[in-house]
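Structure first, commentary second.
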Amino acid sequence: MPREVAGKFEVSMLKVLDEEGNCDEALKPALTNDQVKQLYELMVLTRAFDDLALKLQREGRIGTYPSSRGQEATQVASAYALGESDWLFPAFREAGAYITKGWPLEMQYQYWAGDERGSKLPENNRIFTIAIPVGTQVPHAVGFAWAAKLRGDKIAVLVYFGDGASSEGDVHEGMNFAGVFKVPVVLLCQNNQWAISVPRSKQTAAETLAQRAISYGFEGVQVDGNDAFAVYKATREALDKARSGNGPTLIECVTYRMGDHTTSDDAQRYRTSRELEEWTRRDPIERLSKYMKKSGLWSNDYENKVQADAAEKVRIAVEEFESVKPPEIKDLFAWTYAELTPNLKKQYEDLARSIGGGN
Amino acid sequence: MVQLNLVGAVRLALKQEMERDQDVVLLGEDIGTDGGVFRATDGLIKEFGENRVIDTPLSESGIVGVAIGLALYGLKPVAEIQFEGFLYPALDQIISHAGRIRNRSRGRFHVPLVIRFPYGGGISAPEHHSDSPEALLVHTPGVKVVMPSTPYDAKGLLTSAIRDPDPVLFMEPKRVYRAIVEDVPEDDYTVPLGEAKIVREGADVTLVSWGAMMRLSREAAEKVKDTISVEVIDLRTLSPMDIATITRSVEKTGRALAVHEAPRTAGLGAEIAAVINETAFLSLEAPIERVTGFDVPFPQHKLENYYLPDTERIVKAIQKVASF
């Protein structure tokens, strides 16, 4: 018997803006000029937030922090595509997405300063908590989106993970559930080329990370992750598709982590400065500003105002988070169960007594 | 009243909670058409449909991780893991997330999830089908660990577990699934989590046990009754543990032993001994004894009768404690 072709697959790469800011008008997503400016302003704010976080860490005012530098287009433009009722499930390196979806800046700093209260977002906010064990959040997002589908709620869920996470079992188990039960979830892989010191080439022999979706029976697309328009377009389409009952999508955003893995890392140990220079030329913020210059949306006055506004916002955020009273020792115990167990009550009382009455 | 064995009581609790609350959904491997390998969900897919009794891919970490997501949205998932030996891929989800999400979010999110699974030896099963991993789970903050030993308690405890706002690991003694039949009320009732039960009153020795070891412990107490009066406590909820009941009993008897089939070192027997030291030291008249499995992988069944505590070992330990 002759062999038959049992399956045929291909993965496409979407680019809308080139490195010089030239836009493919046929592919340009439906964004008004004001929306383009808003995207740009959020990306600038993300970088200001990030730069200041690194300074705060060096001064001992916050703890370990993972920089988003270089990934602003991937993070901001994807979160910008979310509908009001949609949910965002983070990994941990998504400051741009959190800022876009409205996690108050001062609470983000508070979280990274080691205070869990920073991740108790206001009730109306639709961001789930940060997940540090790599890739473990994907099943949560899938289950959450699946529950919405079972209840008949027309929402979509956007979950972030990285190129390193794409090797983790939970990412695959989550994707498999998403495919089998046609769950309204969008899986956004920030392929920033490095999982601490291990390059993308050592995560998988596959040509793309997007193609992993194929084995779970749904669409995977690759996107230029430093192109805000391409990221927005792919995410928006995938979210609309999810909400209308057509199942999950995996989006691989090809981007670059310009900073160290975290403030505890030194990327010079494992990658060349030439590589960093190459990617610096593809800086996502500059690319959008080049487009805006060509389109008459940018001026020196505008730039100065955007930078000054961002600096002011992060300055106020630091002032606010540093003026918050420290947590009380009862908070060490209070949130483990709905009610304090007799055992925890005793442990709390013992600690309170040992430090002289407690608080 | 209806005459039920333990697995029948589990099934009845699931059925009644699903009738009572539309948000209760079941998910796991082979739980739908097949009704579960122990038949704990037999027929439920016919009654509630495949959106509430969900056959999943073979994916334990996925089942628990996705169930956490379902619970975060407001459903009340009851996940079945087929055997305790296959719970381990899901431990990351249990330890890193189910037990921490309420704390991490300072109460904004919580995980009303039940994970049911059969545990324990004594049924001549292949490797990985006989473990007793309760100590791993009790050592995990943020989750509750529950283990019934009778059909009545199984229904009442599972009902409480499903209604509980926190994640509950519900360990079912597979050796007892069909070993005991007793009257179980069809009416709605609960057995509260966190409350041990004195199943036999006594004056001389306190015996603390749970799950499948309860039957043997009661038999041992009966065997020695002419010479030693044993107070037998069924812990029922292992976390949070009912320390007050243990303490009161030891204050009365002055002597204690713990019986479990899990390995000895850092097993729950060690915790019970430590707790008694902290709360009832001045009442103690003898060192606390432990009757346990050994610090070895649970053996295949040619050797399992040597591994598992039996009535004889429990009787000897009671006599040792009583005669010190």
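Computed from the coordinates by the stated procedures, all read-outs in this text should not be read as laboratory data. Computed from a predicted structure; not experimentally measured. Backbone-built Cβ (ideal geometry, glycine too); neighbour counts: all protein chains shown.
Within a 10 angstrom radius of the beta carbon, how do A:MET258, A:MET175 rank from fewest other beta carbons to most?
Neighbour counts put them in this order, fewest first: A:MET258, A:MET175.
Averaged across orientations, what area in nm² does the convex hull of the alpha carbons in segment B:2-184 project? Could the numbers behind the result be given before it?
On the way: hull surface 37.8 nm².
Directional mean of the projected Cα hull area for segment B:2-184 stands at 9.5 nm².
Could you tell me, in Å, what Rg and Dmax come out for the Cα atoms of segment A:165-296?
For segment A:165-296, the Cα-based Rg and Dmax read 16.5, 47 Å.
In cubic angstrom, how much convex hull volume per residue do the alpha carbon atoms of chain B span?
Values: hull volume 40.4 nm³, N = 324.
Measuring per residue, one finds 125 Å³ for the Cα hull of chain B.
Rg(Cα) of the protein assembly as shown divided by 2.2 N^0.38 Å?
For the protein assembly as shown, the normalised Cα radius of gyration is 1.09.
Along the three principal axes, how long is segment B:89-220 when you take its alpha carbons, biggest first, rounded to the nearest angstrom?
Largest to smallest, the principal-axis extents are 47, 38, 34 Å.
What length, rounded to one decimal in nm, is gained on full extension from A:ASP18 through to A:ASP309, with 0.36 nm per residue of separation minus their alpha-carbon distance?
Stretched out fully, the A:ASP18 to A:ASP309 stretch lengthens by 102.0 nm.
Please report the spacing between the Cα centers of segment A:222-254 and segment A:118-196 in Å, no decimals.
14
Note the per residue figure in Å³ for the convex hull of the C-alpha positions in chain A.
Enclosed volume per residue, from the Cα hull, is 183 Å³.
Can you give me the C-alpha center-to-center distance between segment B:31-103 and segment A:75-90, rounded to a whole angstrom?
If you average the Cα positions of each part, the centres end up 28 Å apart.
Computed FRET efficiency, Cβ-Cβ of A:LYS293 and B:SER283, R0 56 Å: what is it to the nearest 0.05?
On the way: r = 83 Å, r/R0 = 1.49.
FRET efficiency, A:LYS293 to B:SER283: 0.10.
May I ask for log10 I(q)/I(0) of segment B:197-323 at q = 0.13, 0.19 Å⁻¹, from a Debye sum over the Cα atoms as equal point scatterers with solvent left out?
-0.46, -0.99
Among all stretches of chain A without exposed chymotrypsin sites (Phe, Trp or Tyr not before Pro) (DSSP loop, at most 15 other Cβ atoms within 10 Å), which one is longest?
A:10-269
Tell me the net charge near B:PRO165. Cut-off is 11 Å between Cβ atoms, B:PRO165 excluded, with +1 for each Lys or Arg and -1 for each Asp or Glu.
Around B:PRO165, the surrounding residues sum to +1.
Take every residue in peptide A:165-177, count the Cβ atoms of other chains within 10 Å of its Cβ, and give the average of those counts.
That average works out to 4.
With an 8 Å Cα cut-off and a minimum separation of 6 or more residues, compute the relative contact order for chain B in percent. Could the numbers behind the result be given before it?
Details: 728 pairs, mean separation 52.7, N = 324.
Relative contact order comes out at 16 percent.
Length gain on complete extension for the stretch A:VAL5 to A:LYS55, per 0.36 nm per residue less the alpha carbon to alpha carbon distance?
12.3 nm
Would you mind getting me the FRET efficiency between A:GLN268 and A:SER201? Use the beta-carbon distance for r and R0 = 30 Å, nearest 0.05. It would help to have the intermediate numbers written out before the result.
Details: r = 19 Å, r/R0 = 0.64.
So, using R0 = 30 Å, E works out to roughly 0.95.
For A:SER289, A:SER323, what's the fewest-to-most ordering of other Cβ within 10 Å of each Cβ?
Least crowded to most crowded, the residues run A:SER323, A:SER289.
Based on alpha-carbon positions alone, could you give the equivalent ellipsoid semi-axes of segment A:168-222 from the gyration tensor, as √(5λ), descending, whole Å?
They are 22, 11, 10 Å, listed largest first.
Please list the non-local residues whose amide H lies under 5 Å from the amide H of B:SER229, H modeled 1.01 Å from N, same-chain partners needing a gap of 5 or more.
Answer set, sorted by chain and number: B:ALA203, B:ASP204, B:VAL205.
Would you mind getting me the FRET efficiency between A:THR64 and A:ASN246? Use the beta-carbon distance for r and R0 = 56 Å, nearest 0.05.
0.90
How much of the DSSP beta bridge set in segment B:182-324 is antiparallel, as a percent to the nearest 5?
Antiparallel: roughly 20 percent of the beta bridges in segment B:182-324.
Please give, to one decimal in nm, the separation of the simple spin-label points placed at B:ASP188 and A:LYS154, each 7 Å out from Cα toward the Cβ.
Between B:ASP188 and A:LYS154, the simple spin-label model gives 3.5 nm.
Using the Kirkwood radius over Cα pairs, work out the Stokes-Einstein diffusion coefficient for segment B:42-130 at 20 °C and 1.002 mPa s, in µm²/s as a whole number.
In µm²/s, the coefficient rounds to 150.
Mind grabbing the base-10 log of I(q)/I(0) for segment B:275-318 at q = 0.15, 0.18, 0.24, 0.33 Å⁻¹? Debye formula, identical points on the C-alpha positions, no solvent, two decimal places.
Reported log10 I(q)/I(0), two decimals: -0.54, -0.68, -0.86, -1.13.
Can you list the lysines whose alpha carbon sits under 16 Å from that of B:LYS225, skipping same-chain ones fewer than 8 residues off?
Excluding near neighbours in sequence, the set is B:LYS316, B:LYS320.
Considering only the protein assembly as shown, what is the antiparallel percent among its DSSP beta bridges, to the nearest 5? Don't skip to the end; give the middle numbers.
Numbers: 11 of 66 bridges.
Given both bridge residues lie in the protein assembly as shown, the antiparallel proportion sits at roughly 15 percent.
Do you know the relative contact order of chain A, to the nearest whole percent, from alpha carbon pairs under 8 angstrom that are 6+ apart?
Result for chain A is 23 percent.
If neighbour count is taken as other Cβ atoms inside 10 Å, put B:HIS139, B:HIS260 in order from fewest to most.
B:HIS139, B:HIS260
With the convex hull built on the Cα atoms of segment B:127-187, state its orientation-averaged projected area in nm².
If you wrap the Cα atoms of segment B:127-187 in a convex hull and average its projections, you get 5.0 nm².
Please compute the length gained on full extension between A:ASP331 and A:ALA26, using 0.36 nm multiplied by the number of residues separating them and subtracting their Cα-Cα distance.
Here the answer is 104.4 nm.
Looking only at chain A, where both bridge partners belong to it, what percent of the DSSP beta bridges are antiparallel (to the nearest 5)?
10
Within 10 Å of each candidate Cβ there may be at most 11 other Cβ atoms; applying that plus a DSSP loop requirement, which GluC sites (Glu not before Pro) in segment B:42-111 survive?
B:GLU50
Magnitude of the Cβ-charge dipole of chain A, K/R +1 and D/E -1, about the Cα centre, nearest 20 debye? Show your work: numbers first, answer last.
Details: 44 positive and 52 negative charges, 103 e Å.
Dipole magnitude for chain A comes out near 500 debye.
For the ranges A:243-253, B:27-37, B:192-202, what's the packing order if you count other beta-carbon atoms within 10 Å of each residue, average per peptide, and put the highest first?
A:243-253, B:27-37, B:192-202
Using Cα positions and a limit of under 16 Å, work out the lysines in reach of A:LYS325, with same-chain residues fewer than 8 apart set aside.
Within the straight-line limit of under 16 Å, A:LYS325 reaches these lysines: A:LYS120.
Take the Cα atoms of segment B:55-97, build their convex hull, and give its volume per residue in Å³.
Convex hull of Cα atoms, per residue: 68 Å³.
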